[in-house]
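Participant: The structure is given below, and queries will be raised subsequently.
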Amino acid sequence: MKLFTTKIAPNPRRVHIFLAEKGIEIESVEIDLAGKGNLSADFIAKNPLARVPVLEFDDGTYLAESVAICRYFEEIQPEPPLFGTDARDRAVVEMWNRRMESEILGQISGCFRHSHPYWEGRITQVPDFGELCRATVLERMAWLNGEMANREFIAGDRFTVADITAFCGIALGRIPKIRIPEDCGNLQRWYDAVGARPSVAG
């Protein structure tokens, strides 16, 4: 297998952290997004949406989307369980992972895409939408800070894919200058703890 990726982007980073938590090592190929390597004919043949990451199987077929790739590796190597342990736990992890995608990662990504010079000429930017995303994610961080008052991780007492999604989203915030507010101590405690994990810090 081979992973086409860009480690600094949030969605590929989700897969890299996930694999590190599992102790899985596979060959990776860095795609130069700044140089528009994802728009080459060769890469588009792998993923017509021109997005990383993409997993290439040994039979020459491809799988895109970070969560789909993570789910594949969860199936072939269940331990440690990062998508939950039973039906109810998996549903809870799914709920929190989707919340972290829409309320944290999605909002910060929206701000980045619609306010940063990197995206000029790549997408149609709507600056007002970018600023709406900025305001929204600060509200969501305040909400999440309250949620984290009595538990160690996003979905409960164990590290899961929901933590990976939330961490990668908040880490992306450094580019559009979105930080955890000073009064969100619970969220900052969680963020620092996740950032110190070998899968993240290494």
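Participant: For the chain, just give the cysteines left without a disulfide-compatible partner, judged by no other Cys Cβ under 4.7 Å.
Facilitator: Result for the chain is Cys70, Cys168, Cys184, no neighbouring Cys Cβ within the cutoff.
Participant: Please list, in chain and number order, the residues 5+ apart from Thr85 or on another chain whose amide H is under 5 Å from its amide H, with Hs placed from the backbone.
Facilitator: Arg90
Participant: May I pose another question? Over what distance in Å are the Cα centres of the stretch 61-115 and the stretch 4-30 separated?
Facilitator: Centre-to-centre distance over Cα atoms comes out at 14 Å.
Participant: Further, regarding this structure: Please state, to two decimals, what the Cα-based radius of gyration of the chain comes to when divided by 2.2 N^0.38 Å (N = residues). Numbers along the way, then the final one.
Facilitator: Details: Rg = 17.0 Å, N = 202, 2.2 N^0.38 = 16.5 Å.
It is 1.03.
Participant: Report the label-to-label distance for Lys36 and Ser102 in nanometres (one decimal), using points 7 Å from each Cα along the Cα→Cβ vector.
Facilitator: 3.4
Participant: Spelling out what I want: for every residue of the stretch 8-19, take phi, set θ = phi - 60°, compute 6.51 cos²θ - 1.76 cosθ + 1.60 (Karplus), and round to whole Hz; glycine and proline get x.
Facilitator: 7, 7, x, 5, x, 4, 4, 5, 4, 5, 4, 5
Participant: If you keep only loop residues by DSSP, which trypsin sites (Lys or Arg not before Pro) in the stretch 78-153 have at most 16 other Cβ atoms within 10 Å of their Cβ?
Facilitator: Numbers: sites: Arg88, Arg90, Arg98, Arg99, Arg113, Arg122, Arg134, Arg140, Arg151; in loops: Arg122, Arg151.
In loop regions of the stretch 78-153 (DSSP not H, G, I, E or B), the sparsely surrounded trypsin sites (Lys or Arg not before Pro) are Arg122, Arg151.
Participant: OK, next. Quick check on the chain: of the DSSP beta bridges with both residues there, what percent are antiparallel, nearest 5%? Write out the running numbers ahead of the final one.
Facilitator: Values: 7 of 12 bridges.
Antiparallel bridges: around 60 percent, rounded to the nearest 5.
Participant: In deg cm²/dmol, rounded to 500, what helix-only [θ] at 222 nm does the chain give when every DSSP H run of at least 4 residues adds -39500 (n - 2.57) and the total is split over its residues? Display every interim value, and only then the final one.
Facilitator: Details: 9 runs with 101 residues, N = 202.
After summing the helix terms and dividing by residue count, I get -15000 deg cm²/dmol.
Participant: Then there's this: Which chymotrypsin sites (Phe, Trp or Tyr not before Pro) in the stretch 50-144 sit in a loop by DSSP (not H, G, I, E or B) and have at most 14 other Cβ atoms within 10 Å of their own Cβ?
Facilitator: Phe57
Participant: Along Cα→Cβ, 7 Å out, is where each label goes; now give me the distance between the ones at Arg151 and Thr85 in nm to one decimal.
Facilitator: 1.4
Participant: Taking GluC sites (Glu not before Pro) that fall in a DSSP loop and have at most 10 other Cβ atoms within 10 Å as cut points, what is the longest piece of the chain between them? Don't skip to the answer; put the middle values down first.
Facilitator: Working: sites that count: Glu25, Glu182.
Result, exposed sites excluded: 26-181.
Participant: Which one, Phe159, Gly37, Cys133, projects farthest toward the positive side of the charge dipole computed for the chain from Cβ point charges (K/R +1, D/E -1)?
Facilitator: The listed residue farthest towards the positive side: Cys133.
Participant: Follow-up. Count the lysine pairs in the chain whose Cα atoms sit under 28 Å apart, keeping only pairs 8 or more residues apart in sequence or on different chains.
Facilitator: Eligible lysine pairs with Cα atoms under 28 Å apart amount to 10.
Participant: Related question: What's the magnitude of the charge dipole for the chain around its Cα centre, counting Lys and Arg as +1 and Asp and Glu as -1 at the beta-carbon? Answer in Debye, nearest 20. Intermediate values should be presented prior to the final figure.
Facilitator: On the way: 24 positive and 29 negative charges, 97 e Å.
For the chain, the charge dipole is close to 460 debye.
Participant: Oh, and also: For each of Ser115, Ser199, count neighbouring Cβ atoms within 10 Å of the residue's Cβ, then give the residues from fewest to most.
Facilitator: On the way: Ser115 21, Ser199 16.
Ranking Ser115, Ser199 by Cβ neighbours within 10 Å, fewest first, gives Ser199, Ser115.
Participant: Given points 7 Å out from each Cα along the Cα-Cβ axis, report the Glu75 to Asp128 separation in nanometres with one decimal.
Facilitator: 4.4
Participant: Now for a different question. Once phi is turned into θ = phi - 60°, what whole-Hz ³J(HN,Hα) does the Karplus curve with 6.51, -1.76 and 1.60 give for every residue of the stretch 184-191, x standing for Gly and Pro?
Facilitator: Values, residue by residue: 9, x, 5, 5, 5, 4, 4, 4 Hz.
Computed from the coordinates by the stated procedures, all read-outs in this text should not be read as laboratory data. Treat the numbers as computed from the prediction; the structure is a model and nothing was measured. Note: ideal-geometry Cβ built from the backbone for every residue, glycine included; neighbour counts use all protein chains shown.
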